1. State all residues of the range 45-78 that are of a type in the set (D, E, K, R), out of contact with any strand residue (DSSP E or B) (no Cβ under 8 Å at 6 or more places or on another chain) and either surrounded by fewer than 12 Cβ atoms within 10 Å (Cβ to Cβ) or under 30 Å from MET127 (Cα atoms) (or both); if no residue qualifies, say none.
2. Consider TRP91 carefully, then state whether it is touching a residue at least 12 places away in the same chain (Cβ under 8 Å) and surrounded by 11 or more Cβ atoms within 10 Å (Cβ to Cβ).
3. Within the set of pairs 6+ apart or on separate chains, which have a first residue in the range 57-81 that is over 18 Å from ARG29 (Cβ atoms), a second that is among the aromatic types (Phe, Trp, Tyr) and not in a helix (DSSP H, G or I), and C-beta atoms under 8 Å apart?
4. Of a type outside the set (A, V, I, L, M), farther than 23 Å from PRO125 by Cβ and within 13 Å of the chain's Cα centre (by Cα): is that true of ARG84 in this structure?
5. Within the range 6-28, how many residues are surrounded by 14 or more Cβ atoms within 10 Å (Cβ to Cβ) and either in contact with a Phe, Trp or Tyr (Cβ under 9 Å, 6 or more places away or on another chain) or basic (Lys, Arg) (or both)?
6. In this structure, does GLY42 turn out to be in contact with a strand residue (DSSP E or B) (Cβ under 6 Å, 6 or more places away or on another chain), small (Gly, Ala, Ser) and farther than 18 Å from PRO125 by Cβ?
Amino acid sequence: MPELTKGCGEKVAFVDVDGRKRRKGLNGRSERKKANWCYAVGMVPQFDEPWRIELRSTIVFIDDDGKPLDSPARAHRLRMSFCRSWWNDRWRGFLRAFLALVAEGGSEIKLAVGSGREVIVSATPIMFSSPVGLSDLTPSIDVDPMEEPDDDFGEVDDFDEEEDPV
């Protein structure tokens, strides 16, 4: 990826979901973690309706030569700590910057499939809105009194006691 963005830390111009022009780095270096990182995407074609290509995002940690780290355990630990506080808006920004980079600023991405043919897909992700979501409102307290459970805990039943063999 650093070669696509012309070097580590270079920012890519893109239009965010709210229509504002932004710039985002798709790679960089964490001095605190002493690691280079790179936003990476896997593509999974889906042939049910609507036909689409699903993109699976991750962060890959790379050495100074641009190769993935030799230790999967270290890469996993880095990913869990480095990306811990990243929320949907940050991941969405990475995705939109990546799509703008691959589309070379256009609205479509052309994927060569051989024999001079190509598959053309939109560089804009499918958008959706959810009628429900998380809220930071304080949850309401249930005002209905709880019914007392119908159990006999703590009571002694005659059939539970053992008789002394005399």
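1. Those that are of a type in the set (D, E, K, R), out of contact with any strand residue (DSSP E or B) (no Cβ under 8 Å at 6 or more places or on another chain) and either surrounded by fewer than 12 Cβ atoms within 10 Å (Cβ to Cβ) or under 30 Å from MET127 (Cα atoms) (or both): ASP48, GLU49, ASP65, LYS67, ASP70.
2. Criteria met by TRP91.
3. If the second residue must be among the aromatic types (Phe, Trp, Tyr) and not in a helix (DSSP H, G or I), the pairs left are SER57/TYR39.
4. Here the answer is yes, as ARG84 does meet what is asked.
5. Final tally of qualifying residues: 8.
6. no
FYI, it's all coordinate maths here, none of it is from the lab. Keep in mind that what you see is a predicted model, and the values were worked out from it rather than measured. For neighbour counting, all protein chains shown are included, and Cβ atoms are generated from backbone atoms with ideal geometry for every residue, glycine included.
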